[in-house]
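Below is one structure, written out as structure tokens, with a few remarks after it.
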Amino acid sequence: GAGVSQTPSNKVTEKGKYVELRCDPISGHTALYWYRQSLGQGPEFLIYFQGTGAADDSGLPNDRFFAVRPEGSVSTLKIQRTERGDSAVYLCASSVMGLAGGGEQFFGPGTRLTVL
Amino acid sequence: QQQVKQSPQSLIVQKGGISIINCAYENTAFDYFPWYQQFPGKGPALLIAIRPDVSEKKEGRFTISFNKSAKQFSLHIMDSQPGDSATYFCAASGSGNTGKLIFGQGTTLQVKP
């Protein structure tokens, strides 16, 4: 069975540009999470989807960041007017259910975003 | 209150030795404490996890020790092998927060042959 996949694996863009990062979760997983991992740091939570709805977007740093999951499967993280500080690895994870307090999250390999 | 503090930042251990990584948390609502292993260029992978109703959990060479009163937990890797060389993250999650994980800063482990 396939794991969580993310595309592209690497993205280089210029300051001010718009980017989209895609996540394909494990089939049947209703919960989907986005995290951001800066160099030498642990992942930081961005947003959580249960099905199609964003149940918790408290980790999004500002209104330049937006994510969707229109059919409850694939998710896209969208970043407008990118800044150099957005450079990081963006990780996607999925789990069977977004169980409060647990439930294994399976991570994808991440998308490395570099903003020049 | 949402932080998870991890130490040491890096660790060098000889093959066959014991690797110990420590984490501390503040939020008493946390009730799930996983450890993740990450290799370069890969996403984190769950290694072992514990809930606060037990003080220790062992899976193969990996053991979590949990001290609820001190709000601390640690990962012990017995008989460390060069293949264990990776970055390890502790994390915490609690009821009412949808399962999102709060990660520590990570520990880079190098096991020398």
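How would A:Ser27, B:Ser19 line up from fewest to most surrounding beta-carbon atoms within 10 angstrom? Kindly include the intermediate steps, with their values, before the conclusion.
Details: A:Ser27 9, B:Ser19 23.
Ascending Cβ contact count within 10 Å gives the list A:Ser27, B:Ser19.
Mind putting a number on the dipole of chain A about its Cα centre? Charges go on the C-beta only, +1 for Lys and Arg and -1 for Asp and Glu, and I need it in Debye to the nearest 20.
For this selection, approximately 400 debye.
Taking B:Lys42 as the anchor, which aspartates and glutamates have their alpha carbon closer than 18 Å to its alpha carbon, excluding any fewer than eight residues away along the same chain?
B:Lys42 reaches A:Asp24, A:Glu44, A:Glu104, B:Asp84.
Which lysines, on any chain, are close to B:Lys112 with Cα under 21 Å apart, when same-chain ones fewer than 8 places away are left out?
Cα-Cα hits under 21 Å: B:Lys15.
What do you get for Rg/Rh of the protein assembly as shown when both radii come from the Cα atoms and Rh is the Kirkwood radius?
Values: Rg = 17.5 Å, Rh = 18.0 Å.
Reported Rg/Rh, Kirkwood definition of Rh: 0.97.
Going by how many other Cβ atoms sit within 10 Å of their own, how do A:Tyr35, A:Tyr90 line up, fewest first? Kindly include the intermediate steps, with their values, before the conclusion.
On the way: A:Tyr35 26, A:Tyr90 23.
Result, fewest neighbours first: A:Tyr90, A:Tyr35.
Using every alpha carbon pair in chain A, what percent of pairs falls into each 5 Å bin from 0 up to the bin containing the largest distance?
Reading upward from the zero bin: 2, 13, 24, 27, 19, 11, 4, 1.
At a 10 Å Cβ-Cβ cut-off, how would you order B:Leu11, B:Leu109, fewest neighbours first?
B:Leu11, B:Leu109
Quick one: Kirkwood hydrodynamic radius for chain B, alpha-carbon pairs, angstrom, one decimal? List each step's numbers first, then the result.
Values: mean 1/r = 0.0711 Å⁻¹.
Across chain B, the inverse of the average 1/r is 14.1 Å.
Hey, got the dipole for the protein assembly as shown? About the Cα centre, +1 on K and R Cβ, -1 on D and E Cβ, debye to the nearest 20?
The dipole magnitude comes to about 480 debye.
We did not get these values from a lab; they are worked out from the coordinates using the rules stated. Because the structure is a prediction, the values reported are computed rather than measured. Cβ sites come from the backbone with ideal geometry, for glycine too, and all protein chains shown count toward neighbours.
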